[in-house]
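Data first, discussion second: the structure below is written as structure tokens.
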Amino acid sequence: MSDLQVREPFVRIVKRDQAPLSKHISVRALAILLALVLDALFIFFVTGLNPFSVYFVMFKGTFGTATRFSWAMRDLVTLLLIGIALAPAFKMKFWNIGAEGQVLMGGLLTALVMVYWGEKLPGPVLYLVMLLTSIAVGAIWGLIPAFFKAKWKTNETLFTLMMNYVATSFVACAVNILRGQASSLGKLNMATQIGWFPKLFGQRYNINILVVLILTFLMFFYLKYTKHGFEISVVGESENTARYAGINVGMVIMRTMAISGAICGLCGFLLVCGRDQTISTNTAGGNGFTAIIVAWLAKFNTFYMALIAFLLIFLQKGAGEIASAYGLNDFAASIITGVILFCILGSEFFINYRLIFRSSKEGKNDGERG
């Protein structure tokens, strides 16, 4: 009978109930510390450089000058805004992988209005039309996969991902039309600067920073304290429970994705008017995918998103500075930042789960039975 007795495994993985905030902070701090140690070993043994010097150069890449820090803030708010857009959809467990396309469509409509109506509309009206059209097309681009999901249970991950390629094709076609015989599109309305944001404290993109700061607070309040936010949470936990509670699940899915897409469309508007003053297939710059990490790691808390977005931008700027300062190729710089990201992402396991090892007494008993 002893041979048939089920033995306890050496280690078991058990899900934690709810880790306190102190646990989140300590585990992530240890993960970053481990990453720095691993990076130091890589830097010293592979590149032959002084790890402390490399870390200082990374720091200088973001904080070296006021201009560099300003550029970091410019890029941070773009990433943060898309993370804010994804938060309600992800909290509902609707995996919106289409933020890149939704941003592109918002930027495309902004660019078209800027070019074709720029000289026909008064300034305030032009900005309003660009704003509304970008939000509307973003909402529609998010609503399409949500409608199919609500009606026919289609796979939203594949649907939203494929719509990125459709949006990219639309933008590529429009860019070819707008540039005409020129080799590239360049800045829109370069001579008149019609449709460009006015400078605020010396920079046009400071308006972007202000808008995103306001939306960070609004989305936090929306998800935490409103009826809609509560419905999103319930649907995310269990659609059956939501239906039992009288919640129209299909309506919540479509409404939430319309909001998510609308904010992405707004991001396209801010990028074209406040940062780039042009449109291209690279306007979103891959932030639609990077923001997935931001939203997920922050557990949909917009204030945590700001911290995580800043960390990612810091790593991105630092990697670029390392490559230029030491003549390293992009792969070496990417390994340094990749190790840090890997450790941070891996720390999520230890936040959500714990390892239970078989006790030594039980192990000794197993040996005796053997």
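The values are calculated or read from the model by the stated rules, or taken from the named source; none is laboratory data. The structure presented is a predicted model; accordingly, all values stated were derived computationally and were not measured. Glycine also receives a Cβ, built like all others from the backbone with ideal geometry; neighbour counts cover every protein chain displayed.
Table for the structure above
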{"read-out": "Answer from 257, 251 - the residue that is over 19 Å from the mean Cα position of the chain (by Cα) and at pLDDT 95 or above", "value": "251"}
{"read-out": "Number of the condition not met by residue 271 [criteria: (1) of a type in the set (A, V, I, L, M); (2) under 21 Å from residue 96 (Cα atoms); (3) touching a Gly at 6+ places or on another chain (Cβ under 6 Å); (4) not in a helix (DSSP H, G or I)]", "value": "(4)"}
{"read-out": "Residues that are part of a helix (DSSP H, G or I) and within 30 Å of residue 204 (Cβ to Cβ), drawn from region 19-67", "value": "57, 58, 59, 60, 61, 62, 63, 66, 67"}
{"read-out": "Residue check, residue 90 under 20 Å from the mean Cα position of the chain (by Cα), in a loop (DSSP other than H, G, I, E, B) and in contact (Cβ under 8 Å) with a residue 24 or more places away in the chain", "value": "no"}
{"read-out": "Residue 38 being over 25 Å from the mean Cα position of the chain (by Cα), surrounded by 13 or more Cβ atoms within 10 Å (Cβ to Cβ), among the aliphatic types (A, V, I, L, M) and at pLDDT 90 or above", "value": "yes"}
